[in-house]
Structures are given as C-alpha cells and as structure tokens.
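Asks: Before anything else, here's the structure in question.
The values are calculated or read from the model by the stated rules, or taken from the named source; none is laboratory data. These figures come from a predicted structure and were not determined experimentally. Note: ideal-geometry Cβ built from the backbone for every residue, glycine included; neighbour counts use all protein chains shown.
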C-alpha cells in the first residue's frame, strides 16, 4: 500500500528519536505501507549539507573537503542515512562559485595535494542566515509536533 492510501489501523507513535527505526518498521508492519522512497523519511534533507559545511569551515578556519565531510557526518543534520561525500563536494563547488567559500591547494607531505576551504564574509553572512532560517523552522516543527501529539493523545 502506498502512502496516502486509506487503511483503518491504530496510530503507531514513537516515544523518542532513538526509536525511530523501530517505529518506522512498526508503521510499515501495521499498515502495509512502504515509506522507503517517501520524503517523510527525511532522506531528502540534503539541503542541510550547505549549512553544516559552512559551520565546519567556520569552526576550523581552514579545512579540507574530507574533514568537512567528516564534520557534516558528525552533525545530527545528516541523520542515520549518513553523508553523501560527493554531495558535500558539489555543495563546496557551488558555494565557491557563489563566493561563500574560497579554496587553495596545499601540497601533501605524505599524499596528494588537498584543497583547503575558508569562509568568506559572504559565507559568514550566509551561515548567519541559515541559523535564523533553521531557528524559524525549528519553532514551526516544534509546533507541528505539539499539535500532532495532541491529536494522537485524543485518539488514545
């Protein structure tokens, strides 16, 4: 059954984010719905690669693309699905083309040369804007989850 199809079942709710995978499996089992490719899984949150990369660069001052990808992975924005390393590099190229980051090549002592990224003034302003945007979305999401919780409680 695809998402949006009608089926009369009791709602399945998650008590915490740690139980999300269990809840997802429980929902699929209870309803027969396969949400694997649905945006509701959060797998399409790749837009958070840019703010996470900007934050990594701001923290380090100067940092390699590999280290940026590792830092993006450590942030909760990438979730359980991991980070798409090629997506990080695509974001870095786009941000460099738009003037948010600058890069230079550094010859490696033990390996190949690596590109090091720094944040520009424009990149700092963009990071500030991302923080404002994410705060706003966070409040909206918290409101949605409160309302969702109230609806689930009333069905109890």
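Asks: Considering only segment 98-120, I want to know if a residue exists there that is part of a helix (DSSP H, G or I) and exposed (fewer than 15 other Cβ atoms within 10 Å of the Cβ).
Replies: no
Asks: Condition first: free of Cβ contacts under 8 Å to residues at least 24 places away in the same chain and closer than 13 Å to residue 51 by Cα. Can you find one or more residues in segment 118-127 that meet it?
Replies: Checking segment 118-127: at least one residue is free of Cβ contacts under 8 Å to residues at least 24 places away in the same chain and closer than 13 Å to residue 51 by Cα.
Asks: Can you tell me which residues in segment 43-77 are exposed (fewer than 13 other Cβ atoms within 10 Å of the Cβ) and at pLDDT below 60?
Replies: Within segment 43-77, 44 is the sole residue that qualifies.
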